[in-house]
Amino acid sequence: MKLTVNGVAHDVDVEEDMPLLWVLRDELKLDGPKYGCGVAACGACTVHVGGVAVRSCQTLVGDVDGPVTTIEGLGNPDEMHAVQAAWLKHQVAQCGYCQGGQMMQAADLLSNNPNPTDEDIDDAMSGNLCRCGTYPRIRDAVKSAAKNLQVS
Amino acid sequence: MGRIGTIARRSFLVGSAALLGGVAFGYYMYKQPVDNPLDDDLAQGEAALTPYVLINADGVTLITPRADMGQGAYSVQAALIAEELDIELDQINVDPGPPSAAYWNTAIADEGVPFPSTDRGMAAETMRGFMGAVIKLMGMQITGGSTTVPDGFEKLRVAGAVARETLKAAAAEMSNLTITQLKTERGAVVLPDGKRIPYEALAAKAAEIEPVTDVAPRPSTQWRLVGKPMQRVDMVSKSTGTQSYGIDMRMEGMVHAAVRVNPRKGGEVISFDATDAEVMRGVQKVIPVAGGVGAIADNTWRAFQAVDAIEVEWGAAPYPAEQSEHWQVLADTIDAGDADATPRDDGDVDGLATTVEVEFRAPYLAHAPLEPMNATVLVTDDRVDVWTGNQIPRMTQSSVAKMTGVDVDDVHVHILMMGGSFGHRLEDEVVKRATELAMAMKGTPVKLTYKREEDTLQDFTRPLALMRGRGAVADGKVTAMEIKVASPSIMDSQMVERQGFPVPGPDTTITQALWDQPYAIPNYRVTGYRAPKLGPVSSWRSVGASQNGFFHENFLNTLIHAAGADPVEERLRLMTDDPSRKTLEAVAEMSGWGGELAANKARGVAFCLSFGTPCAQIIEITNGEDGIKLDKVWVAAEVGKVVDPVNFENLVAGGVIWGLGHAINSQITYADGRTEQENFWDFEGLRNYQTPEIIVRGLENRDYVTGVGEPPVPPAAPALAEAIFRATGERPTEMPFGERFGFV
Ligand code: FES
Ligand code: FES
């Protein structure tokens, strides 16, 4: 099965009904997407397929119909995406386990809605659970990323 | 020097030692021949030393022995050392203690134990059954977040100062100058002519000379780091998805495993049929484990699929099967009248005419950190390695040694970054299950990952608790308050049953944060009742204070209302502790308490002193058409010194969110002997859309330092209950409030 992840083409030999999350983590050794619930209830596994945020734990690899981007492909410590830079600036993370998924969701939100209101942020981000309770900083970071994206 | 001197003398053999071309500073003696009567219990390896500062050709590594569950423990510990060492946080490596280099393992036999010696002493005491120590041990363990700073505030700075002065002495000797001519900054000793000698270049020399131990940490006026906003050392990795956690452990030849253990916790496996599972793709083996079954596969998902395909007949639960029976046991326990402890009994509660009676309940709750339980174990004939994120590596080490028959010194526990804990990682059942699997897969590393459902079903929850209150008011004042509280014992379940440590005496977690509140109510009694064993229970963020803060303050608010008094004013009148009073005054001032509110808005207040930290909260809500909306929370906490204001604010807000989320949305209930809730769709805490604005203030009105990982949790629920009462005329008596009240 062919799969393009973060711009790299892969050929993976797995069951069609294996969730994308486990193909990324266990077959392609990309640990950015996290396992939190497996049932699309937490958002820790969020990646982009064809530029759209999806829960990779509930996306069967056989159904993937576009290039996949994980948090590793969004940006890296040397070259951060605006969302990552905002997350760093606001020091959003506590345990950090949810944050890859949060950032992927936020990047998707901002690509569709460059100037989200509080309500837009709540709507887009409420599927992403943070057990440490970093929501106030997530809101601030999304807004500051929005600002930076508009400027640049 | 005073207290520092005492610390240095008694528990802190400060020195240095050469380690393969490097030097380690800030030795911490575990073995205390003079002061510690428990030496005889300590094995040879326990005389080991843990350094806080390691310098070699690779650079400067600060050892941060407190585990990090997300509370920023690594950063705060590093900052305390770096403050004195004159090095910046971006110049150092931080290591939780067990670095991988081989020399480290041999030089420090017990490196896997992230406890300072005080904890170690207590762990030893626990084993000997010293009651007071058990409570303290529990306090230390359960408050990873709340004790890291108080425990390390002086010790870590002393360690940094010793290292700095010794490096200067080394530089003086090398350059033929006197120490007073030298300065230190940014990881180097600076000579009078401006020449810089990096610490790395001084390591070998420093290891040869006598360490300079006659040091005192700098006065607060000279602090560069402490008290200023810092960037946490894990912030870049956690902002880019590059932080690795226990669940990301990967090794050559590693296999993946899953288990299903009897959801009737502690029940047995009557029979199982793995015929289907065994032939599934990638499945290597099906292995029975204690109370359940496990599967080994070449991929996590395949292992999950395999255990789900095993047909198992489960035995009965060793506790009542239905939730209503659990509540009945608590009621019966109070009715039977056999007190576990009466830690407070002022005035005459019995002789008063009762004007108010209440009954409140708090449910079982799961910890549910976002990273599910996991552990990687490699068993060989003479050595076991465990990689996991947990807070009790010492107990884990001894459990694994017992299970495998491998000498305890040859069991190496490597602590990895944790995706949250909230107390869940004070348990190590996942390591025990992984060890069973790894014993059947000798020579092959086995990574066991719990499915989320397994994590929830097998969790050792917060105890459920039942509180009955009687109180009286007169002349606009609260005059009597009697609290009886019953719950199953955390000590019995966690320490005695699962860790095998006897815990004599009362279980003080049952009455935690009820008896020691700083109120001078003239007639005031608190009695705890220890229920017989129910569902297995454990420490949950803020432990007994999580339910008792709700009980105490919801009751006090009830009485204050009956007295017709103002809940802030009456508390201030009753308070006996000045820093507590200032904490409450702070939130009143921050929120403009007493001002006019719009018709559909209401506010509530609560206070709780827990883990030594007074914390007060005021919440404002809107009672709208769609339900109750949480608008805004003001919170103040007294900690003596806010080490890092940025992290402080995050932790406090997170604690409030934790308290509110579970208060309105979450419970664990039993049916047919098993937990009814399985995943985040039926156990979720707070989500973004329900989160209020939170305004945090840290107070520094005391000369000692306390922690803040847990204290913001207890006041959140009762403050909200009071606001709901004022908005609706009905007082919540039972969590989760969402069962009775509608929320946006
Ligand atoms: S793991 Fe996919 S949404 Fe939770
Ligand atoms: S930072 Fe821990 S779950 Fe979000």
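The values are calculated or read from the model by the stated rules, or taken from the named source; none is laboratory data. A quick note: this is a predicted structure, and the numbers were derived from the prediction, not measured. Every residue, glycine among them, receives a Cβ derived from its backbone with ideal geometry; neighbour counts consider all protein chains shown.
I need the full set of residues from segment B:209-241 which are among the charged types (D, E, K, R) and within 13 Å of B:Ala163 (Cα to Cα), in order please.
Result: B:Glu210, B:Asp214.
What is the residue count in segment A:1-31 for residues that are within 13 Å of ligand 1 (Cβ to nearest atom) and in contact with a strand residue (DSSP E or B) (Cβ under 9 Å, 6 or more places away or on another chain)?
The number of residues fulfilling the criteria is 4.
Starting from segment A:87-103, keep only residues that are closer than 16 Å to B:Val233 by Cα and in the same structural domain as A:Lys34 (by TED's automatic domain parsing), then list their pairs with residues that are among the aliphatic types (A, V, I, L, M) and more than 16 Å from ligand 1 (Cβ to nearest atom) whose Cβ atoms are within a distance under 7 Å, requiring at least 6 positions of separation or different chains.
Taking only residues 6 or more apart or on different chains, not a single pair turns up.
Yes/no matrix, rows are residues, columns are (1) surrounded by fewer than 20 Cβ atoms within 10 Å (Cβ to Cβ); (2) within 16 Å of ligand 1 (Cβ to nearest atom); (3) without any contact (Cβ under 8 Å) to a residue 40 or more places away in the chain:
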site: B:Val158; (1), (2), (3): no, no, no
site: B:Ala163; (1), (2), (3): no, no, no
site: B:Glu173; (1), (2), (3): yes, no, yes
site: B:Leu177; (1), (2), (3): yes, no, yes
site: B:Val189; (1), (2), (3): no, no, yes
site: B:Pro198; (1), (2), (3): yes, no, yes
site: B:Glu208; (1), (2), (3): yes, no, no
site: B:Gln222; (1), (2), (3): yes, no, yes
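Among the numbered conditions (1) under 20 Å from B:Ala368 (Cβ atoms); (2) at the interface with chain B (Cβ under 7 Å from one of its Cβ atoms), tell me where A:Cys57 comes up short.
Single failed check for A:Cys57: (2).
Could you check B:Thr435 against (1) farther than 23 Å from B:Asp308 by Cα; (2) outside any loop (DSSP other than H, G, I, E, B) and say which number it fails?
(1)
So for segment B:382-389 (the condition being within 14 Å of chain A (Cβ to nearest Cβ) and either part of a loop (DSSP other than H, G, I, E, B) or of a type in the set (D, E, K, R) (or both)), does at least one residue qualify?
So far as segment B:382-389 goes, yes, one or more of its residues are within 14 Å of chain A (Cβ to nearest Cβ) and either part of a loop (DSSP other than H, G, I, E, B) or of a type in the set (D, E, K, R) (or both).
From B:Val413, B:Val431, which residue is modelled with pLDDT under 95, touching a helix residue (DSSP H, G or I) at 6+ places or on another chain (Cβ under 6 Å) and more than 14 Å from chain A (Cβ to nearest Cβ)?
Result of the check over B:Val413, B:Val431: B:Val413.
Tell me the residue from A:Thr117, A:Thr46 that is within 16 Å of ligand 2 (Cβ to nearest atom) and either surrounded by 24 or more Cβ atoms within 10 Å (Cβ to Cβ) or more than 9 Å from every other protein chain (Cβ to nearest Cβ) (or both), please.
Going through A:Thr117, A:Thr46 in turn, just one is within 16 Å of ligand 2 (Cβ to nearest atom) and either surrounded by 24 or more Cβ atoms within 10 Å (Cβ to Cβ) or more than 9 Å from every other protein chain (Cβ to nearest Cβ) (or both): A:Thr46.
From the residues in segment A:94-114 that are buried (at least 20 other Cβ atoms within 10 Å of the Cβ) and more than 29 Å from A:Leu3 (Cβ to Cβ), which one is nearest to ligand 1 (Cβ to nearest atom)?
A:Cys95
Which of the residues belonging to segment B:363-383 are touching a Ser or Thr at 6+ places or on another chain (Cβ under 7 Å) and within 16 Å of ligand 1 (Cβ to nearest atom)?
Correct list: B:Ala366, B:Ala368, B:Pro369, B:Pro372, B:Asn374.
Of all residues in segment B:352-380, which are surrounded by fewer than 24 Cβ atoms within 10 Å (Cβ to Cβ) and either at pLDDT below 95 or touching a helix residue (DSSP H, G or I) at 6+ places or on another chain (Cβ under 8 Å) (or both)?
Across segment B:352-380, the qualifying residues are B:Leu352, B:Ala353, B:Thr354, B:Thr355, B:Val356, B:Val358, B:Arg361, B:Leu378.
Among B:Gln512, B:Gln494, which is outside any helix (DSSP H, G or I) and either buried (at least 19 other Cβ atoms within 10 Å of the Cβ) or aliphatic (A, V, I, L, M) (or both)?
B:Gln512
Regarding B:Thr166, is this residue over 32 Å from the mean Cα position of the chain (by Cα) and modelled with pLDDT of 95 or more?
no
When you go through (1) more than 13 Å from ligand 2 (Cβ to nearest atom); (2) surrounded by 22 or more Cβ atoms within 10 Å (Cβ to Cβ); (3) more than 9 Å from every other protein chain (Cβ to nearest Cβ) one by one for A:Ala86, which number turns out not to apply?
Just one mismatch for A:Ala86, condition (3).
Restricting to segment A:10-43, and then to whatever is among the hydrophobic types (A, V, I, L, M, F, W, C) and more than 10 Å from chain B (Cβ to nearest Cβ), can you tell me which residue is nearest to ligand 2 (Cβ to nearest atom)?
Ranking the candidates gives A:Leu24 first.
Considering segment A:35-82 alone, what residues qualify as being within 11 Å of the chain's Cα centre (by Cα), within 13 Å of ligand 1 (Cβ to nearest atom) and either among the hydrophobic types (A, V, I, L, M, F, W, C) or farther than 19 Å from A:His10 by Cβ (or both)?
Hits for segment A:35-82 are A:Gly43, A:Ala44, A:Cys45, A:Thr46, A:Val47, A:Ala53, A:Val54, A:Arg55.
Any idea which of B:Ala717, B:Ala653 is within 11 Å of another protein chain (Cβ to nearest Cβ) and among the hydrophobic types (A, V, I, L, M, F, W, C)?
Criteria check complete, one pass: B:Ala653.
Before we move on, is B:Lys432 touching a His at 6+ places or on another chain (Cβ under 6 Å) and farther than 19 Å from B:Val543 by Cα?
So B:Lys432 fails the test.
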